[in-house]
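Input: a single structure, listed below in C-alpha cells.
Bear in mind these aren't lab numbers, they're just calculated from the coordinates by the rules spelled out. Because the structure is a prediction, the values reported are computed rather than measured. In this analysis, Cβ positions are derived from the backbone assuming ideal geometry, glycine residues included, and neighbour counts consider all displayed protein chains.
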Protein chains: 2
Amino acid sequence: MTDSGKLLLELFLMFSSGKLLAEVCERLRQPAVLGEILAGVLLGPSALALIHPNVMTRGLAEIGAIFLLFTVGLETRPHELLEVGGTAVLVAVLGVIVPFVLGFVYMKISHGLVESIFVGAAMVATSVGITARVLADNGVLATRMARVILGAAVLDDILGLIVLAVVSSLSTGQVVYLQLGIVTVEAIGFTLLIAFLGPRMVRKVRPTVERLRTRNSAFILSVILCLGLSLASVYIGMAAIIGAFLAGLAMAEHSEEWRLRENAHPIMEFMTPFFFVLLGAEMNLRTVAHPGVVLTAAVVCLLAIVSKLIGCGLGSLRLGWKPALQIGVGMVPRGEVGLIVAAVGLGLHTISDAIYSVVVLMSIVTTLFAPPVLRLLLRRP
Amino acid sequence: MTDSGKLLLELFLMFSSGKLLAEVCERLRQPAVLGEILAGVLLGPSALALIHPNVMTRGLAEIGAIFLLFTVGLETRPHELLEVGGTAVLVAVLGVIVPFVLGFVYMKISHGLVESIFVGAAMVATSVGITARVLADNGVLATRMARVILGAAVLDDILGLIVLAVVSSLSTGQVVYLQLGIVTVEAIGFTLLIAFLGPRMVRKVRPTVERLRTRNSAFILSVILCLGLSLASVYIGMAAIIGAFLAGLAMAEHSEEWRLRENAHPIMEFMTPFFFVLLGAEMNLRTVAHPGVVLTAAVVCLLAIVSKLIGCGLGSLRLGWKPALQIGVGMVPRGEVGLIVAAVGLGLHTISDAIYSVVVLMSIVTTLFAPPVLRLLLRRP
C-alpha cells in the first residue's frame, strides 16, 4: 500500500473506533475519553495490533493535546487562576511530596535506593490532558475546583521537570545543581511572564490584528501564538501543552470578540481523539505481564491513587470536602507522563524490566481510574 | 532536540511563514495561496533548507488537502454538478487530449518515443487544490464556472489514473488491458455511486445521527465519512482528495442544518497551509538547474499553459468567453500531481534527469502562473 493509504487507514481506524467507543461509554454513563483510550488499547499492540505508535501518529497526538489545552486556556482567565494561586501551589507541592514519599518508602523495603527513588519520582507525574477533557466535557471548567487543578497542573509540570532532571542524573551519579537551578528559573520565569504580560501584550497588538487583510486574522494569530509558545515550552524543557495552555490564557480575554473558541473547538474535536487513542495504544498490556511483581504492582497502584488523594485533597481542603475530593481524583491520572518517565528509566538502565512493568501498570490503572470516578463526583447530587 | 521539539519547530515555521507571506500577497493584490507556496519554496531545500518534506509534514499536507476539498464539497450540491455535467466531461476530455498531443508531438521532434509519451502524460495532470483554494478565497464556488472546474477535476483524476497506468506499464513494455479496465470501471463506479446514492444514504441515517449521545455527532460522522471515502479512493487508485470531495458532496444538503461548514472550516484553515507550504518545499529549484534543457523547458511550460487554455477553454466555450477563459486558467496548475508524475517517471527509469527537470519546472511554472491570473480574471470588471 502507498504511504498515503497507510496514513489514511490509521487515521480512519483511530478516529472512527475512538468515536464509536466514546458513544458506547456515553450510553453506559461513562466518560467519552475512557472510550477513546480503550479504543487505543484495542487497536494497539495489546490486542489487534492494527495501529502502531509512530512518528506520524505521535505527531498528531501531540497536536491534539496542544489544541485541547489551548481551548481549555481560552476558557480560563489569568486573574481567576491567580485567585486560587495559593491553593494551587499547596495542591501541587503536596501532590508531589506525598506520592514521592509513599512510593519511595514502600519500594525501599525490598529494593535498592536508585530504583526506589525512581518509582517515587514516577508517582509524582500528572497528566492534565485527561482531567481537562473530563472537566470540559462536563462543562465545569469555570469552577474554582477546575481552576485549582489547572493551576496545580502547570506548577506540577515545573516540579516534575526538576524531579525528572534529578532522577536522570542518578544514572551518572551526580546532580548538576547549577544547570538544575537555571532550568527551574527559566520555567518559572516563562510561565509568570506569559501569565502576567501575555494578556497585556495581546491588548497592545490588537489594533494591528484588526488591520490585517488575512481573513479570520485574529484566530490565525492565536494559532501562531499557540504553536510558538508550545515550541518555547519544549525548548525550556517543559511539556508543549503548558505553552499551549498559556497561549490560550493570554488570548482568553478576546476569545468571544474574535470567535477564538468557536474556531479552536472543531480543531480540538478533530485532533484530540488521536491523543487519547494513541495513549491507549502506547499502553502495551503485553509488556506488563510480569508474574513476579503482581503484589508490588498492586500496592504501587493503590499508593499512586491514595497518595494523590491525600496530598492534593489536603492541599485544597479549605474549599470543602467535595471539591477537595474532586481535585484529588483529578490529579490522579499519570497518563502519557507516567509512560514517558518509565521509558526514560528503562533507557537509562536505572530500573529493571520488572519495575518498568510496575510503573507502566501504575500509569494505566490511574489513567483508567480517574475519568469514571471524577465523572461520578461531578454529577449533581 | 527532542522529536516533539523538531515537529513543533516545523509546524511553527510552516504555519507562521505561510500566513505571513499570504498577508504580504494579499496586500500586493495577489492570491494568499501564492504566498503560502512561496513560503514553502523559501523554507524548503531550494533556499533556507529549514523544513524538509518527511513522513510527518507530508501527512499533515495530505490532511490539509483532504479538508480543503471536503469543505469545497460541502458547498457543492450533486445536482448542480450534474447540470454542468456535459460541459465538465468536454472540458476534462479535451483538457487531457490537447495537452497530451501537443506535449507528445513537440517532444517527439528531438526525443525518444517513451520519453515523449511520458512528458505528454505529465502535461495531462491537474492539481485541483490550488484552483479550489483561489475559487473559495474569492467566494465564487457557487458559480457555474466553478462547478465545471470541480466536475472536470474529478473526471480528470479518473482519466489521469488511466494515463498514469499506461505510462507506468511502458517501463515493463506491455499494457495490462484487463487490469486497466477494472481500475477504470472501479473509479467511475465509485464516483457515480457516491455522487448519486451518497445524499440519499445520508438522508436515511439522519434519524440515527440525531439520536446519538456524542456531542456534535453529525459533524463527527461527516469527518468519519470524509476519512473513509478518502481511504476508499486511495484503495481504488484515485487521489484521496477526490474521496474527500465526494464526502462533502454527499453531506452538502445538511451542511447548514448540522453546522458542518462552520465546523470543517477552522480545521481546513489550520491544516491547508501545510499542504501549500509543503508543495512549495517539494519544488526543489536546485534540481531544476539543467543548463542544457532551457529551451525545451521553456517550450514545454508554454505548451502546458496554452494546451489547457485551448482544450478546457474550447470545451466550455458555450458558457461564454470569460467563463471559458477562467476555466482554462483554472485547469492549468499541475502542482503536486505533476511533481508526483515526475517522481514516478524518474523512479521507473522512464526518463532522464534532464527530462525530469523539465517536468518539475513545468509543474512549478503552471502552479505559480494560475493563481494570480485566475484572480485577475475573477475581479469584477
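Would you list the P(r) distribution for the protein assembly as shown, with all Cα-Cα distances sorted into 20 Å bins from 0 and each bin expressed as a whole %? Distribution as computed: 16, 46, 29, 9, 0 percent.
With the label put 7 angstrom out from Cα along the Cα-to-Cβ vector, B:Asp353 ends up 4.9 nm from the copy partners, going from closest to farthest. Geometric descriptor of the range A:109-174, per residue, is 95 Å³ (volume of the convex hull of the Cα atoms). In plain terms, the residue of A:Thr184, A:Thr71 with the fewest other Cβ atoms within 10 Å comes first and the most crowded comes last, giving A:Thr184, A:Thr71.
Taking Cα centre as origin and charging only the Cβ of basic (Lys, Arg, +1) and acidic (Asp, Glu, -1) residues, the dipole magnitude of the range B:15-109 rounds to 280 debye. Shown for B:Thr287: label points 7 Å from Cα along the beta-carbon vector, and their distances to the equivalent points in the other copies, 3.6 nm in ascending order. Could you work out how far apart the two model spin labels at B:Val185 and B:Asn54 are, taking each label as a point 7 Å from the Cα in the direction of the beta carbon, and quote it in nm? Simple spin-label model gives 4.5 nm for this pair. In terms of the mean number of neighbouring beta-carbon atoms within 10 Å, the peptides B:342-348, B:263-269 order highest first as B:263-269, B:342-348. In sequence order, the range B:40-45 has phi-based couplings of x, 4, 5, 7, x, x Hz under the Karplus curve 6.51 cos²θ - 1.76 cosθ + 1.60, θ = phi - 60°, and Gly or Pro positions carry x.
Computed over chain B with a Gaussian network model linking Cα atoms closer than 10 Å, the most mobile of B:Arg261, B:Arg206, B:Arg133 is B:Arg206. In nanometres and ascending order, the distances from the B:Ala47 label point to those of the other copies are 5.0 (point 7 Å from Cα along Cα→Cβ).
Within the range B:219-262, what residues put their amide N at less than 15 Å from the label point 7 Å along the Cα-to-Cβ vector of B:Arg203? Residues passing the 15 Å test: B:250-255.
Each label point was placed 7 Å from the Cα along the Cα-to-Cβ direction; for A:Leu302 and B:Arg213 their separation is 3.2 nm. Against the compact-protein benchmark of 2.2 N^0.38 Å, the Cα-based radius of gyration of the range B:246-291 scales to 1.86.
Toward the positive end of the charge dipole of the protein assembly as shown, with +1 on the Cβ of Lys and Arg and -1 on the Cβ of Asp and Glu, the farthest Cα among A:Pro291, B:Asn263, B:Gly129 is that of B:Asn263. Comparing A:Ile66, A:Ile117, A:Ile241 in a Gaussian network model of chain A where C-alpha atoms under 10 Å apart are linked, the largest mean-square fluctuation is found at A:Ile117.
Return, ordered by residue number, the residues of the range A:221-247 whose backbone nitrogen is under 17 Å from a label point located 7 Å along Cα→Cβ of A:Leu82. Flagged as within label range: A:246-247.
Count Lys and Arg as plus one, Asp and Glu as minus one, and take only other residues whose Cβ is under 13 Å from that of A:Ile340; the net charge is then -3. Mean partner shielding of peptide B:14-21, defined as the number of other chain Cβ atoms within 10 Å of each residue Cβ, is 3. Pairs of Cα atoms nearer than 8 Å and 6+ residues apart set the relative contact order; for the range B:247-381 it is 26 percent. Each of B:Cys226, A:Cys312, A:Cys301 has some number of other Cβ atoms within 10 Å of its Cβ, and from fewest to most they run A:Cys301, B:Cys226, A:Cys312. For A:Asn54, no residue whose modelled amide H falls within less than 5 Å of its own remains once neighbours fewer than 5 places apart on the same chain are excluded.
Our estimate of slack between A:Leu295 and A:Arg379, defined as 0.36 nm per intervening residue step minus the Cα-Cα distance, is 26.9 nm. Using θ = phi - 60° in the Karplus curve 6.51 cos²θ - 1.76 cosθ + 1.60, the 3J(HN,Hα) couplings for the range A:118-131 round to 4, 4, x, 5, 5, 6, 6, 3, 9, 9, 6, x, 4, 5 Hz; x is entered for Gly and Pro.
The charge dipole of the range A:265-381, taken about the Cα centre with unit charges on the Cβ atoms of Lys, Arg (+1) and Asp, Glu (-1), comes to about 580 debye, rounded to the nearest 20. Legend: mean number of C-beta atoms from other chains within 10 angstrom of residue C-beta atoms, peptide A:246-255, equals 0. Entry for the range B:306-381 at q = 0.13 Å⁻¹: log10 I(q)/I(0) = -0.47, Debye formula applied to identical alpha-carbon scatterers, no solvent contribution. By the count of neighbouring beta-carbon atoms within 10 Å, fewest first, A:Asp157, B:Asp137 end up ordered B:Asp137, A:Asp157.
Among B:Gln326, B:Gln30, B:Gln179, the residue with the largest mean-square fluctuation in a Gaussian network model of chain B, with springs joining Cα atoms closer than 10 Å, is B:Gln179.
Computed per residue of chain B from DSSP H runs no shorter than four, each worth -39500 (n - 2.57), the mean residue ellipticity at 222 nm is -26500 deg cm²/dmol. Counting lysine pairs in the protein assembly as shown that sit 8 or more residues apart in sequence, or on different chains, and whose Cα atoms lie under 25 Å apart gives 9.
Neighbouring Cβ atoms from other chains, within 10 Å of the Cβ of residues in A:35-42, number 0 on average. Between B:Ser110 and A:Val24, the modelled labels are 6.5 nm apart [label points 7 Å from Cα along Cα→Cβ]. Taking one quarter of the surface of the convex hull spanned by the alpha-carbon atoms of the range A:1-144 gives a direction-averaged projected area of 12.1 nm². Computed on the Cα atoms alone, the convex hull of the range A:177-319 gives a volume of 194 cubic angstrom per residue. Its residue count N fixes a reference of 2.2 N^0.38 Å for chain B, and the Cα radius of gyration divided by that reference is 0.96.
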